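Enquirer: To start, I am sharing the structure in question, which I have written as structure tokens.
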Amino acid sequence: MSSRLRHASWGKIGLVAIVVLYIVWSLAPVAIAFLFSFNAGYSRSTWQGFSMQWWTGSKSVFNLPIYTDAIRHSLLLAVLAVIITVPLGVSLSIFLSRWRGITARPASFLATVPLVVPELVLALALFFLVTKVNLPVVTLGTSGQVVGQVTFILPLVIVITIGRLSSIPTGYEEAAQDLGASPPQSFRLVLVPLLQPAILASAIVAFAVSIDDFVITQYMSSTSSTQSVPMLIYTATRGGATPALNAMATIMAVTTIVIAAVGFALYRLLARREQITDVPAPAPALAVSREGAL
Amino acid sequence: MSPRRYLLALGVPGLIWVVLFVTLALYSLLAIALGGIDPLLLTPVPAWNPVDWSTANVHEVAQSLQPFSGDTWIVFQRTCIYILLALAGCILIGYPVAYFTAVHAGRWRGPILALLVLPLLVSYMLRMLAWVGLLSPQGWVNAVLVPLHVVPANFGWLDGRAITVVSGLMYGWIPYFIIPVYAALARFDTRYLEASRDLGAGTGSTFLHVTLPMSRQGLLAGTVVVALPMFGDFFTNGLLSGVSSTGMVGTLINTYAESQTNQAVAAAVAVWLTVFLGILLLPYLRSSARAGREVGR
């Protein structure tokens, strides 16, 4: 018995070692990249002493339009993506989960197609749609980038929201309507409050995915004014960019982490208030929602 | 307004969006792949009407997919090997991490989970940027390995090395692998482990006969979640190698798409890739549908 126990604990120590090493391996390079934004020299790989020159002053990330424009554009895209995707996705989810008709199944399949084809295929498809069909409003550039990101993020919002909807009995809305509420009222007063955690989780995921998105944003871009942060990192990394590039990448990462953390804190608050346990938390939902759709 | 009509009104904007930007977009891809070429500009001309479809582009790609000798086949074969190696790495490292976090972490579960999610919030490009710095000839990796005589001085990790690309793919996608595996394992009732032990099974046999079968669905989900984007990945390669000798299918599609005159070929390769992945995904979709039914969702 004791030998088996010891055996098990050795196994556990091994597991702990793997976890610790994995976490260090996954995060240390990012920490080092952040460190290099304080490099005294121009190198992003050789340490030449400490300096704040890439954070303040004329060569800094805040003083070069190429960096500030990319940050501004990434934030613009993320805000637009959240504003459009969340209402669109939540209302479509309500339709998909409550509609009893033959359109629901093929429609939910179509909406989740972006999860089962590589993003590159979707990006190429959207590129041809925009360049070969004369759509109103949507062109290569900001409008196309927003449309592409929304299409890519929509299925994630749907998976998160439908997961929540399936745990809300339809009886709640029906009861509201029996008591005299109109359908819009029962939606606004019953369903939306119950969906709050899912809506919040969707918004966090939409924001994070939009900020991180590269392929679709790249394919739908036009001039340099539509360059997002990931696009700039992609083009500048192998070139002679200064450590200001690392500073820009850090700013974007910290922004996303802070927003996700605030969102998650809010989510916990909501969940506690409503005693909800069966909604996917926003953080794992980021990746789990892809799995759930399949 | 009747409830039914109100429901329809809620659904219509999203339905239009999906039809327009998913269905019509994918149809555009098909129309380009099966379309022609403008004789003067050499740009692709979509064939919207199935009557006008021509298989020239698709056929051209099919020919270069000739097993073991066609140009596209060689890229395709390399892609599959790289992805299989990266997936093996994801499973070997990611599974124990997910398993520990879900089953043994106890009160550390929350903090560990936060650290596992953190890379998803730090953008993919920043994580690649970090490695480009570390792997450059004068970077910190060489600073450690050169004095140990593991690699010669100024070793060029970024000059088109398969090992760099495979490790890069693994590093980039493993956080996306761990989360679904964790989610599947977290639902796992640990009393089964105790039961197995009480019935006399050792650690190894408990793992083999209880833990592993119950992780199957999660492992499959994680594999699909990371394998799909890897098949379309050209940026990891572009940042960590940039040489065509390590090019993958994603690189090929992206390179063709960048030149106007080759866009039809890009579309044709993308169509073939989608067909291939569809066939590959079928058993998974079937098994996850079955698992879904068994759980009674």
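Enquirer: Could you give me the residue pairs with C-beta distances under 7 Å whose first residue belongs to the range A:89-106 and is at the interface with another protein chain (Cβ under 7 Å from one of its Cβ atoms), whose second residue is in a loop (DSSP other than H, G, I, E, B) wherever it lies, and which are 6+ apart or on separate chains?
Expert: Close Cβ pairs satisfying both conditions: A:98/A:170.
Enquirer: Could I ask something else about it? Kindly indicate which of A:123, A:78 is more than 9 Å from chain B (Cβ to nearest Cβ), among the aliphatic types (A, V, I, L, M) and part of a helix (DSSP H, G or I).
Expert: On the way: A:123 fails: more than 9 Å from chain B (Cβ to nearest Cβ).
That would be A:78, the only listed residue that is more than 9 Å from chain B (Cβ to nearest Cβ), among the aliphatic types (A, V, I, L, M) and part of a helix (DSSP H, G or I).
Enquirer: So, of the residues in the range A:81-120 that are part of a helix (DSSP H, G or I) and among the hydroxyl-bearing types (Ser, Thr, Tyr), which turns out to be farthest from the chain's Cα centre (by Cα)? Before you say what the answer is, go through the steps one by one.
Expert: Step one: filter the range A:81-120 for residues part of a helix (DSSP H, G or I), giving A:81-98, A:104-116, A:119-120.
Imposing the further condition that a residue be among the hydroxyl-bearing types (Ser, Thr, Tyr) reduces the set to A:85, A:91, A:93, A:97, A:108, A:112.
Details: A:85: 11, A:91: 19, A:93: 18, A:97: 23, A:108: 21, A:112: 16 Å.
Out of the qualifying residues, it is A:97.
Enquirer: Is it fair to say residue A:21 is free of Cβ contacts under 8 Å to residues at least 12 places away in the same chain, under 30 Å from residue B:198 (Cα atoms) and in a helix (DSSP H, G or I)?
Expert: no
Enquirer: Considering only the range B:49-139, give the helices (runs of 4 or more DSSP H) lying wholly within it that have at least 1 residues that are facing chain A (nearest Cβ under 7 Å).
Expert: The helices (runs of 4 or more DSSP H) meeting that bar are B:95-99, B:109-121, B:124-135.
Enquirer: For residues in the range B:210-259 being closer than 24 Å to residue B:92 by Cα and more than 18 Å from the chain's Cα centre (by Cα), which is surrounded by the fewest Cβ atoms within 10 Å (Cβ to Cβ)?
Expert: Here the answer is B:213.
Enquirer: OK, next. Out of the residues in the range A:126-145 that are within 11 Å of another protein chain (Cβ to nearest Cβ) and part of a helix (DSSP H, G or I), which is nearest to residue A:111 (Cα to Cα)?
Expert: For the range A:126-145, the residue satisfying everything is A:126.
Enquirer: Being over 23 Å from residue B:175 (Cβ atoms) and of a type in the set (Phe, Trp, Tyr) is the requirement here; does residue B:276 meet it?
Expert: Values: over 23 Å from residue B:175 (Cβ atoms): yes; of a type in the set (Phe, Trp, Tyr): yes.
Yes; evaluated as a whole, the condition is true for this residue.
Enquirer: Are any residues in the range A:174-215 within 23 Å of the chain's Cα centre (by Cα), part of a helix (DSSP H, G or I), among the hydrophobic types (A, V, I, L, M, F, W, C) and within 11 Å of chain B (Cβ to nearest Cβ), and if so, which ones?
Expert: Passing the criteria: A:204, A:205, A:207, A:208, A:209, A:211, A:215.
Enquirer: Right, next: Can you tell which of A:236, A:198 is surrounded by fewer than 23 Cβ atoms within 10 Å (Cβ to Cβ) and in contact with a Leu (Cβ under 8 Å, 6 or more places away or on another chain)?
Expert: The match here is A:236.
Enquirer: Of everything in the range A:128-169, what is in contact (Cβ under 8 Å) with a residue 12 or more places away in the chain and on the phi > 0 side of the Ramachandran plot? Give them in sequence order. Give the steps one after another, and end with the answer.
Expert: Our first condition is that a residue be in contact (Cβ under 8 Å) with a residue 12 or more places away in the chain; within the range A:128-169, this holds for A:130, A:139-142, A:144-168.
Within the range A:128-169, A:141 is the sole residue that qualifies.
Enquirer: Against the definition (surrounded by fewer than 24 Cβ atoms within 10 Å (Cβ to Cβ) and not in a helix (DSSP H, G or I)), how does residue A:242 come out, yes or no? Can you show your working first?
Expert: Working: surrounded by fewer than 24 Cβ atoms within 10 Å (Cβ to Cβ): yes; not in a helix (DSSP H, G or I): yes.
Criteria met by residue A:242.
Enquirer: Tally the residues that are of a type in the set (Gly, Ala, Ser), buried (at least 19 other Cβ atoms within 10 Å of the Cβ) and over 17 Å from residue B:232 (Cα atoms), restricting the search to the range A:99-126.
Expert: The number of residues fulfilling the criteria is 3.
Enquirer: Taking the conditions exactly as written (closer than 27 Å to residue A:140 by Cα, among the basic types (Lys, Arg) and free of Cβ contacts under 8 Å to residues at least 40 places away in the same chain), does residue A:273 satisfy them or not?
Expert: no
Where a number appears in this text, it was derived from the coordinates with a stated rule and is not lab data. It should be emphasised that the depicted structure is a prediction, and the values quoted were computed from it without experimental measurement. Backbone-built Cβ (ideal geometry, glycine too); neighbour counts: all protein chains shown.
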